[in-house]
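Any read-out appearing in this document is the output of simple, stated calculations on the displayed coordinates, not a laboratory observation. Since we're looking at a predicted model, the values are computed, not measured. Cβ coordinates were reconstructed from backbone atoms using ideal geometry, including for glycine residues, and neighbour counts include every protein chain displayed.
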Amino acid sequence: MKIISESPNSTKLAAISNYQKSLTVRAAMTADENQISFYRRENRPLIVGAIAVLLTEANNTMNVQRAPSPIQISMMAEEIVENWWMLRLDEVAYALRQGAAGMYGTAYGKFDKQTLIEWLKTYDTEERLAQVEWVNAQQKKQFEAEEKETSSVTDGYRRLQETYQKTGKDALSQQDKERTKDREKARWQEDKFLKWQAGYYAQKQLNEEQQNQQETI
């Protein structure tokens, strides 16, 4: 997500809302290679302001009775920057969308720091963890497949070495020689058949001509 530095307005909040609707856990975790800690180090006010915009949008979506004040929104943004620095900004956007939609439980008409922390904990321990485990499982499968392929090549090379040690012959060279003999044999058989075929049709034509001559007489 592009870092937002200006104060929120209706147009910007609408754009954020549309963007959040398209987010998935996987997309949120991979959209930006940098964690919040990176932006905290580079420009803390900027990332705090960006998160404050997301919090404002979540608050407006919920339409709670006890809405947080701008100061409280700022403090909640500081809470995320300080203690949830390992997340990406898109992950915060995703978690806020899910929380505001009631996917992490009922907020009971309020949106405060406690509610925010509960949402982030639920996202972290359920959806985010499940995605991390899935990615690890896929990487493990890929590693095992590559290891198996490497093992097959190693076993093949080992068998060639064993053949050479037992027979004193290079197994690959021996296979090439045998294949060459087979190809030569096949060519010889084909040439022999073609010669026979040519002779057969020549003799057949001669016989037919002789028979026609006798019938004419």
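Applying 1/(1 + (r/R0)^6) with r as the Cβ-Cβ distance of Glu42 and Gln72 and R0 = 25 angstrom yields a FRET efficiency of 0.45.
Can you give me the C-alpha center-to-center distance between segment 98-154 and segment 192-217, rounded to a whole angstrom? Between the Cα centre of segment 98-154 and that of segment 192-217, the gap is 83 Å. Residues within the reach of a label modelled at Ala101 (point 7 angstrom out along Cα to beta-carbon, backbone nitrogen below 15 Å), restricted to segment 59-80, are 61-62. On the basis of the beta-carbon distance and an R0 of 35 Å, Ala137 and Glu79 show a calculated FRET efficiency of 0.60.
Using alpha carbons only, the radius of gyration of segment 38-136 set against its Kirkwood radius gives Rg/Rh = 0.97.
In terms of packing, defined here as the mean over residues of other Cβ atoms within 10 angstrom, the peptides 33-44, 90-101, 117-128 line up highest first as 90-101, 117-128, 33-44. Label sites at Ser22 and Trp188, each approximated as a point 7 angstrom past Cα along Cα to Cβ, lie 7.1 nm apart.
You can think of it this way: the chain between Glu146 and Lys181 has 9.0 nm of extra reach, that is 0.36 nm per residue less the Cα-Cα gap.
Computed extension gain for Lys110 through Asn63, at 0.36 nm per residue and net of the alpha carbon distance, reaches 16.0 nm.
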